[in-house]
Amino acid sequence: MKLIKKGDPREADSIQLGRDSYLDHLYGVFRFDNPRADGFQTEREEEIISRSGKKFKISVPESLRIALPERKAVNLDSFHMDPIGDNLDSMLLLTMRAGWNQVERDLERIVALDPQGNFVAHFTGPDYDIPVATASVAPLGARHTWIGMILVHPELRRQGVANAMMQHCVRYALSQGKIINGLDATPMGNTVYGAVGYVGSYRIWRCFFPTAQFREVKYDGSHISRVEESDLEELVRYDAARWLERGNVLRELWRDSREEAYLSRNDNGDIEGYLLARPGRLRFFVGPFSADSEKPAANLLAHTCRSLDSRGVSEAFIDTPESRFADPGKYDRSLFDQVNKPSGHALIKALTPVRDFTRMYQVADERKAAALVAEFIAQEKLEKSNRRVQEFADAMYASVANCTETLGLMEYEERCLQKYYWGISGPEKG
């Protein structure tokens, strides 16, 4: 389904605000005069689709200008966070501005997992209701959640919006009784997530590779078959034993990957690996992809890439753990784009790492929770009696009950479970 009804930056090359209510809503961020960003401009050219090279002309009458304070616009009464409702077009627009790979179907799948757990941040006034950011809290099975899609329009950055969205997501997850609450963080998001008690576990690398390199690779396809609906219950059990139970997510990912969904079974007929691959806006996405050892993993990957190549799919993305590289490179935490990226992948010879994620989980004992609350008060310059402080404190102290179980998963994942991971995919990945 086409989500952006008018002014789709993939088709249009200009918009003018003040003439159409739909465009005024979707692109209303260009009305803001944010002193911590580029300020208000009546005429500007923006690369709306990141790294596309295509300039998009935006015209905004001076009369539509909306002034923002020097800092913390989230403290204004006009700032709200609500279930995303019919603002899925804003989420799609934000993914394109960030250079992400999701297509419409990815966003529909994410929201369908829990419509109340997907949020839009917006500013409202007498003549406007303008979405500025989105976020998602996707349920993993019945007991856990995965946070993602935290995206803020550049025109509203440095006003506390990302922090407010993340705090809202954490409060929602905890209010639903969820225990393990994880995410995969970009370097830009690490500070935001750390402020609500998230700690890093291991690095994952978004990479792309040519599928044609597998044309001449010899592999054993005798144990590989398509994932059929009758395989799903067994596949869900296999997957749950190697991470967390997420049958609700896996079934939907399979529906979107049916043309490229494969199992490998051993001589006893037991599952020893699986791979799902689905279309993306920029490239096909390979994942989730788990296997008990390198042999079935290599067979699954070669089989899938041969199929993609035969269909004219020349390149694909994969999010692969750093542990799969012979040389992890040299990581510099001060850089967004690493200079010395990893090399020597175990399965893919021609592989280009693009950027890294950090697998993170919320872990806070009572002492850490108290420190986070004190830091929040100092950063936000709020009184202890302020409503936002009380909400933040309630969430941080509620998370303490999940600390031991989360630490147990993190240690088990680091010591044992990572050996099964070849291509990572959360519910939000595209």
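The values are calculated or read from the model by the stated rules, or taken from the named source; none is laboratory data. Because the structure is a prediction, the values reported are computed rather than measured. Here the Cβ is made from the backbone with ideal geometry for all residues, glycine too, and neighbour counts use every protein chain on show.
Some notes on this structure:
The rows are residues; the columns are (1) assigned by TED's automatic domain parsing to the domain that holds S425; (2) in contact with a Leu (Cβ under 7 Å, 6 or more places away or on another chain); (3) under 18 Å from R97 (Cβ atoms).
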{"position": "L140", "(1), (2), (3)": "no, yes, no"}
{"position": "M149", "(1), (2), (3)": "no, no, yes"}
{"position": "E155", "(1), (2), (3)": "no, no, yes"}
{"position": "Q159", "(1), (2), (3)": "no, yes, yes"}
{"position": "T191", "(1), (2), (3)": "yes, no, no"}
{"position": "G197", "(1), (2), (3)": "yes, yes, no"}
{"position": "S201", "(1), (2), (3)": "yes, no, no"}
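- Qualifying residue in region 398-410 (condition: of a type in the set (V, I, T) and more than 23 Å from the chain's Cα centre (by Cα)): yes
- Among the numbered conditions (1) surrounded by fewer than 13 Cβ atoms within 10 Å (Cβ to Cβ); (2) within 24 Å of the chain's Cα centre (by Cα), the only one that A326 does not meet is (2).
- Of all residues in region 69-79, those satisfying the criterion of being touching a strand residue (DSSP E or B) at 6+ places or on another chain (Cβ under 8 Å) and either polar (S, T, N, Q) or over 25 Å from M96 (Cα atoms) (or both) are L76, S78.
- Remark: pairs (first residue in region 41-53, among the acidic types (D, E); second residue at pLDDT 95 or above; Cβ separation under 6 Å; 6+ apart in sequence or on different chains) = E43/S59; E45/K55; E45/K57; E46/F56.
- Region 256-283, residues that are touching a Lys or Arg at 6+ places or on another chain (Cβ under 7 Å) and in contact (Cβ under 8 Å) with a residue 60 or more places away in the chain: D256
- Test: P328 is in contact with a strand residue (DSSP E or B) (Cβ under 7 Å, 6 or more places away or on another chain) and either modelled with pLDDT of 95 or more or not aliphatic (A, V, I, L, M) (or both): no
- Contacts under 8 angstrom Cβ, first residue in region 80-94 being assigned to a strand (DSSP E or B), partner surrounded by fewer than 20 Cβ atoms within 10 Å (Cβ to Cβ), 6 or more apart: H80/T124; M81/H168; P83/P115; P83/Q116
- Checked against the criteria, R246 counts as touching a strand residue (DSSP E or B) at 6+ places or on another chain (Cβ under 6 Å), charged (D, E, K, R) and either in contact (Cβ under 8 Å) with a residue 12 or more places away in the chain or assigned by TED's automatic domain parsing to the domain that holds G344 (or both).
- Residue match in region 213-234 (condition: free of Cβ contacts under 8 Å to residues at least 24 places away in the same chain, out of contact with any Phe, Trp or Tyr (no Cβ under 9 Å at 6 or more places or on another chain) and surrounded by 13 or more Cβ atoms within 10 Å (Cβ to Cβ)): no
- Identity of the residue in region 1-51, touching a Gly at 6+ places or on another chain (Cβ under 9 Å) and hydroxyl-bearing (S, T, Y), that ends up farthest from L92 (Cα to Cα): S14
- Pairs are defined by a Cβ separation below 8 Å, a sequence spacing of at least 6 or placement on different chains, a first member in region 311-324 that is part of a strand (DSSP E or B), and a second member that is among the polar types (S, T, N, Q); the pairs so defined are E315/T211; A316/T211; F317/N101; D319/S425; P321/Q418.
- Only one of G312, G287 that is on the phi > 0 side of the Ramachandran plot, assigned by TED's automatic domain parsing to the domain that holds K419, buried (at least 20 other Cβ atoms within 10 Å of the Cβ) and not polar (S, T, N, Q): G287
- Residue satisfying condition, being touching a residue at least 12 places away in the same chain (Cβ under 8 Å), crowded, with 20+ Cβ neighbours inside 10 Å and among the acidic types (D, E), within set D184, D114: D184
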